[in-house]
1. Going by how many other beta carbons lie within 10 Å of each one, how would you line up A:47, A:140, fewest first?
2. Place a +1 charge on the Cβ of each Lys and Arg in the protein assembly as shown and a -1 charge on the Cβ of each Asp and Glu, then give the dipole magnitude about the Cα centre in debye, rounded to the nearest 20.
3. For the residues A:188, A:89, what sequence is obtained by ranking on other C-beta atoms within 10 Å, fewest first?
4. Looking at chain B, I'd like the Rg to Rh ratio, where Rg is from alpha-carbon atoms and Rh is Kirkwood's inverse mean 1/r.
5. So for chain A, averaging the separation of alpha carbon pairs under 8 Å that are six or more residues apart and normalising by length, what relative contact order in percent results?
6. Tell me, B:216, B:442, A:207 in order of fewest to most beta-carbon neighbours within 10 Å?
7. Take the alpha carbon atoms of the range B:288-336, find their center, do the same for the range B:84-105, and report the distance between the two centers in whole angstrom.
8. If amide H atoms are built 1.01 Å from N in the plane of the peptide, which residues on other chains or at least 5 residues away come under 5 Å of the amide H of residue A:49?
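Computed from the coordinates by the stated procedures, all read-outs in this text should not be read as laboratory data. None of these values were measured; they are calculated from a predicted model. Glycine gets a Cβ as well: all are built from the backbone with ideal geometry, and neighbour counts include every protein chain shown.
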Amino acid sequence: MRTRVEALTLFLGAAGMLLTVGAAPCFGQIDINIHTATGPMESHIGDVTGQSERGKAYYRRSCIGCHGPNGDGNGENALWFDPVLGFAKPRDFTLATFKCRSTPTGTLPTDKDLFEAVTRGFVTTNMPQWRALTEQERADLVAFIKTFSAKWATQKAGTPINIPPEPTANIESILRGRENFQKMQCWKCHGPEGHGDGPSASTLTDSKDNPIRPYNFSSGSRFKCGETNQDLYRIFMTGLDGTPMPSFADVIQPNDAWDLVHFLRTLQPLDTPEAKAWKEWLTTHGKELKPIGAEEAPGGGQ
Amino acid sequence: MFEQGLKIGKLAQPGSLRRAITGIAVAACALLAAAPTAHALPNGKVLAIPAFARKYGLPCSACHTAWPELNNFGQVFRDNGYQLMNDRDSPIWQNPSYFPITLRMTPNWHLENTTNQPVDATPGVSCVPGGTPACVSKTVQMNGFDLSGMDFWTAGTLFKNVSFSLLPSSNATATFHFENAYVRFDNLGHSSWFNLKVGKFELDNLISEKRFLFLSANGGLYQSYHFVPAGDSNNFGIGDNQLGVELAGHSANSYTRYSIAVLSATEGNVGFGNGNTVVNAGRTYDVALNFSQTFAAGSQGYERIGAFAYIGYRPTYAMTALGAPITGEGLGNKPFYRAGFSADLFFLNSKLEFLPLYMHGYDNVYLGTGTQANMPLPVGAHAPSWNSGFIETHYYYTPQLVFIGRYELIRMSQQALSSNPSNQSNIDAYSIGYRWYPIMFSRAGLAFHNEYSITKSIGIIPLSADGVFLPPLAANGKVWSGSLFIGFDFDF
């Protein structure tokens, strides 16, 4: 009797299992309908080759909630990201416009750029670091992201810009950078002290007309596109496409850009060589400084 | 929370074969028919937190292979103190209306069938095992609709790098206890290698019983995590949450992890008692050690391997007052340990997962024979030891459908008494089932859970607590205990 009961319960359990599996697709949730613009894509990061077919599974598992089944940034959570409160809307992959690139403005990023963005995440946003995924999984994801825009099928990624060796970060370089900060009117958005509160800050919008905040250097956080001096240099020269932050590649020379990098480092509450040199100089020369900003602007710039 | 399996009140109904079959069929059909409209239906064994999904806007599947089991991203998030490390983790960044509370429970239908149970030959006339009137062995079967226990969980960050967890958990009759309650100081010295946790928490087992995919009375626990041999006075289970302090660390991607915990010998009980009514004490401290390393395996996924050890003492008698043991005044402490290896291995583009574990257990001879350390040992006494292990398999057909299976065995290598049959306390356990998540987004979770689990234990009470909670009449008597479980596991 006992054996019969067990056999029957097992059988009925298995039958229930099969019924459920068979019926599951009818409920419309198992196979989320992901729409892509291209056929299968690949990515190449070092010696790792990503395949979009595999990346689709990771996208569905981890990304779809924000970036949406169409990759247009309209996932179920996008509604709740309020740019006014500083939470940027999810990236719209169908536009193939990316902030963090090593390539000139207006061009497609390299696979490595996308890979690093996925790995690094975007600080102060809901985009987390995905370094918990294996390199292969991230490469697969990059390949899949590319299927959302036909641009990837018709255009090549831009050529990464050259980053010349960094000159010494001395006080002369910092002071020149400060002049550049004034001259190039960086303060209009980032504010005289780099707090992200310049006179234009409240009017800024991204390419989708969502409000966007300039970076606040005094937060001391990582930059969205990295955290090193080289990363900051690259941001000047490539710009952050889709945002009001332009590329300065045609406006300033490499040495000027490095000077700016060194000055901006002094605005961060971090223990950097630039900050140390700046503090030492200020103790004896602070009163010589003209404030940053418009002529009539009071104070600022330390 | 469903603690240790599903300690659900069973419907005491001796079932005939026909009734059992009818019950199963009706329940299966009813639940299947209800599935499309199940959005308002609800679960509960362990830990999955839609509150985090709501906070960060990530779907369940971002952190879980299939909730509640964590994937590596979820592991990193947990290791970071429930932080994404995006400089927006502190509650000051949250909408004030956000409140991190999760509820989990599982309305279900289940059948429990246990063989070789000593029952009265005449109902109402108490039998005496080994005496007169004699007991008879019968199969005991129960089935019906039921509730699981409930988790009422809140966890998150108090500030950047200060996290907490508070989990009042109840049985099916709403009797609550604190399953966990701790504060954790994360990234001490700006290093992920130093995190300090104080309170009651789960041991850092590579294979977590608190976040696994089985719910039935027989399958809803790892036998290895709670096993002690027949006659042993130790009540330790490596699957039980403990009270103490833990230092843990991990690499940025949690590929390398370690933890060292110093724990009160109270088996997670509050008030200095250890839950043992005879020797309700515990003045010593235990140590738990865990280490694991993960390797990326290309398109297969990742492979994590680890080692663990737990070393402790338990009292064998207590100081007494008027003959009653004084809580917290344990004497005659004797050692025990558990040590082993485990792994979490992925294949086929992370669709196929294997969770193997091997553990060796040892209890001091006084613990093993239940003898006070100030009394002579019985003749033929030995320190009991055993080997146990399991292999669990998950196949993720999609993020919303997972098939599960497990085989587990425990084999005594040294009986506490020479007179014990050599196979007494041995266990074999089998489980198979699936979980289907008809909805999966970042607000809540629902799983239809179907599982069949069966155990064979020799001469002892099944760990499922099924049956009459007495050992079989013969010391080498086999007890088969089976569970069929169908339920809706909801997490809000």
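1. Numbers: A:47 6, A:140 28.
Ordered from fewest to most neighbouring Cβ atoms within 10 Å, A:47, A:140 come out as A:47, A:140.
2. Working: 61 positive and 65 negative charges, 209 e Å.
Dipole size: approximately 1000 debye.
3. Listed from fewest to most nearby Cβ atoms, that is A:188, A:89.
4. In chain B, Rg relative to Rh is 0.97.
5. Working: 501 pairs, mean separation 53.6, N = 302.
Here the relative contact order equals 18 percent.
6. Working: B:216 32, B:442 24, A:207 13.
Fewest-to-most Cβ neighbours within 10 Å comes out as A:207, B:442, B:216.
7. A separation of 33 Å, based on Cα centres.
8. Here nothing satisfies the definition.
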